[in-house]
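This report refers to the structure that appears directly beneath it.
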């Protein structure tokens, strides 16, 4: 907790009426990075939408894992898994500081407004999770947002150190678990593997999950409710707070250092792209090699080989960040940057839209293709969803100030209806 004094509200005559940031005041690089992260997240989330849980943790346990499907997994794992959620979480932490600084400059009650917007994020997230999809991350972001906001005024060095320490806690716990597993007899290993998979929500057989998710919506809700409750309690306390909260606080420090808002030198971003990106990629590839060394035995993969992707993703995501900053600097008016920016400005809407489209494809109330497509085919579905979201986002922002969900969120946060149509 911060020892610095709490915010003092300014005198009433100088207080502006609380209102959202005008679209013209937004930072292009932040929106572009957010859009890039949102699109990349789908490459991994598609596994959660479309496959039995066990396949998302150990792809050798379900479906074909040779040829093109192995290549599809390798590309997704090396370049996407954990990298884009890391970026998005950086953005959430940095966005928190941006929001609070903006309100402080305007003499508005920043922390009160933050708690309001975080409360409504939690409400929307709970509906998204329990009614639509168990892979929701909004609930965890909201829960972390209530806590990490108290260090937003800290100096960036202190924030960075605290964030890395928090982020390291799950890594240490899994490392200890994996080392202990290697010394167990065979019968003890089987028991630990079953318990670990159950903790990850994979206690049901693939056949049972396929039947549930190809079935009625109420059966799906009944299935995911106990799984989500465990995620939102034990999972949050023992892993997700430390990982996501740590990344948010690191994101705060990166914003304060000007890294997220494209304020550093071109030379700086080039060095980060090559240095952090290169080391991160090397670590991830070592993790892939270790999976083969462990013959894809589930517990060593999830606790030991996982370490290299866990830390490698932190570095590789930072390399991606630098790459997007350079892209915005060199091609700010280009179509790619415009596309990323449009998706980023409507990220909340697009996140939920991904769920609506994907569940309509894979779940029983739609096409019912859950468990039916290969890893390679799922990449095709990702491209299809991108092809819908990118032009739709650009079209929408040509007519409206905010995405529809963003508009609802802002209206709820500020307690008054916000304008949504662009001025002619």
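All of the numbers you see were taken from the coordinates with simple rules; none came from a lab. Keep in mind the model is a prediction, meaning the values are calculated, not measured. Quick reminder, even Gly has a Cβ in these numbers, built from the backbone with ideal geometry, and neighbours come from all protein chains shown.
Data for the structure
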quantity: Nearest-ten-degree value, helix 347-362 long axis tilted from longest Cα axis of the chain; calculated: 30
quantity: Inverse mean reciprocal Cα-Cα distance (Kirkwood Rh) of region 175-291, Å; calculated: 18.7
quantity: The chain - mean residue ellipticity at 222 nm from DSSP helices (-39,500 (n - 2.57) per run, n ≥ 4, rounded to 500); calculated: -22500 deg cm²/dmol
quantity: Approximate spin-label separation residue 115-residue 158, in nm, with each point projected 7 Å along Cα-to-Cβ; calculated: 2.1
quantity: Cα centroid separation - region 145-211 against region 94-140, whole Å; calculated: 24
quantity: On Cα atoms only, tilt of 335-345 relative to the major axis of the chain in degrees; calculated: 80
quantity: Helix 306-330 vs. the chain, principal-axis angle (Cα, 0 to 90°, nearest 10); calculated: 40
quantity: Alpha carbon Rg of the chain, scaled by the compact-globule rule 2.2 N^0.38 Å; calculated: 0.98
quantity: Linear extension gain, residue 233 paired with residue 211, 0.36 nm per residue minus alpha-carbon span; calculated: 5.2 nm
quantity: Theoretical gain in end-to-end length, residue 288 to residue 268 [0.36 nm per residue, Cα-Cα removed]; calculated: 4.2 nm
